[in-house]
Amino acid sequence: MAEKAKILLVEDDFNLGLVIQDFLSIEGYQVHLCRDGKEGLQKFNKNTYDLCLLDVMLPEKDGFSMAEDIRKVNREVPIIFLTAKSLAEDKVKGFKAGGDDYITKPFDNQEFLMRIEAVLRRSMGTSIAEEEDKGIYELGKFTFDSVNLRLKIGDEDKKLTKREAAILKLLAENKNKVIERSLVLNLIWGDDNYFNGRSLDVFITKLRKYLSADENIQIANLHGVGFKFEVKE
């Protein structure tokens with residue numbers, strides 16, 4: 001299992017992050033290390049992970065907020081919080097945010113490893129790995145290849161930009177669900193500021209144009225909330 005599991009580690013303590021990354025790498029895990037919540041959320045959106053290890057006290061976006069955003073787009077991936085706090089109310093908050101376990105620093109390496117393995121055993125049984133997508137989405141009359149950035153309908157085969165493909169992939173994964181505008185911005189750009197918001201509007205307009213060949217597909221704009229990618233089956 002360790003050879004296959006990919007872990008997202010978000011820890012702002014530079015030295016501790018490297019120590020944890022090295023320890024887990026020696027155990028056979030693939031570990032991507034990020035140092036703030038926004039960078040971690042972007043990394044999560046670009047890759048498929050078997051486990052997220054999130055420090056609670058992070059710059060830009062704290063671990064609880066990051067977990068809540070992850071749960072809006074992925075209910076399956078296990079999340080373990082790392083924290084220096086041991087208060088019961090903090091643990092309750094962590095579980096409410098979507099966490100599967102809560103490890104207090106400093107921790108014993110072997111206990112740390114065993115708890116990671118226990119969470120992974122439970123989650124792998126529900127087959128996150130099996131769902132590691134090949135990046136192909138059937139969207140009405142369209143076939144979307146998110147890996148090769150291709151959007152096909154009939155004989156037409158359009159090459160998308162990386163950002164167009166990233167947005168469409170996020171919408172496709174949340175088909176017929178409301179997805180918050182700020183969440184799209186944080187996952188794709190890492191920041192939900194005004195200028196990125198304007199860029200998002202431009203990309204959404206382009207995607208609507210590309211998808212207009214199928215009248216059963218619509219990217220609905222929910223004012224003040226976000227978007228709903230509606231695909232009539």
Practice item. Among what's in region 191-219 and is aliphatic (A, V, I, L, M) and touching a residue at least 40 places away in the same chain (Cβ under 8 Å), pick the residue that is surrounded by the fewest Cβ atoms within 10 Å (Cβ to Cβ). Key: Ala213
Practice item. Starting from region 158-179, keep only residues that are more than 22 Å from Lys232 (Cα to Cα), then list their pairs with residues that are of a type in the set (D, E, K, R) and assigned to a strand (DSSP E or B) whose Cβ atoms are within a distance under 6 Å, requiring at least 6 positions of separation or different chains. Key: none
Check your understanding: Restricting region 156-174 to residues that are not basic (Lys, Arg) and not in a helix (DSSP H, G or I), which is nearest to Asp69 (Cα to Cα)?
Key -> Asn174
Check your understanding: When residues of region 17-48 are filtered for being of a type in the set (Phe, Trp, Tyr) and over 17 Å from Gly190 (Cβ atoms), how many remain?
Key -> 2
Exercise for review: Using the structure shown, decide if Asn193 is of a type in the set (S, T, N, Q), modelled with pLDDT under 90 and over 19 Å from the mean Cα position of the chain (by Cα).
Suggested key: yes
Revision key, fill the gap. Filtering region 1-28 for residues that are surrounded by fewer than 18 Cβ atoms within 10 Å (Cβ to Cβ) and in a helix (DSSP H, G or I) leaves a count of 9
Exercise for review: Output yes when any residue across region 29-43 is out of contact with any Asp or Glu (no Cβ under 9 Å at 6 or more places or on another chain) and exposed (fewer than 15 other Cβ atoms within 10 Å of the Cβ), and no when none is.
Suggested key: no
Study note, to complete from the structure: When every residue in region 60-88 that is part of a loop (DSSP other than H, G, I, E, B) and aliphatic (A, V, I, L, M) is compared, the one modelled with the lowest pLDDT is Leu87
Study note, to complete from the structure: Checked pairs for region 46-72, first assigned by TED's automatic domain parsing to the domain that holds Phe112, second assigned to a helix (DSSP H, G or I) and of a type in the set (Phe, Trp, Tyr), C-beta under 9 Å and 6 or more apart or across chains, list as Cys52/Phe44; Leu54/Phe64; Val56/Phe64; Met66/Phe44; Asp69/Phe44; Ile70/Phe44
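The values are calculated or read from the model by the stated rules, or taken from the named source; none is laboratory data. Computed from a predicted model, the values in this text were never measured in an experiment. Reconstructed Cβ throughout: ideal geometry from the backbone, glycine too, with neighbour counts over all protein chains shown.
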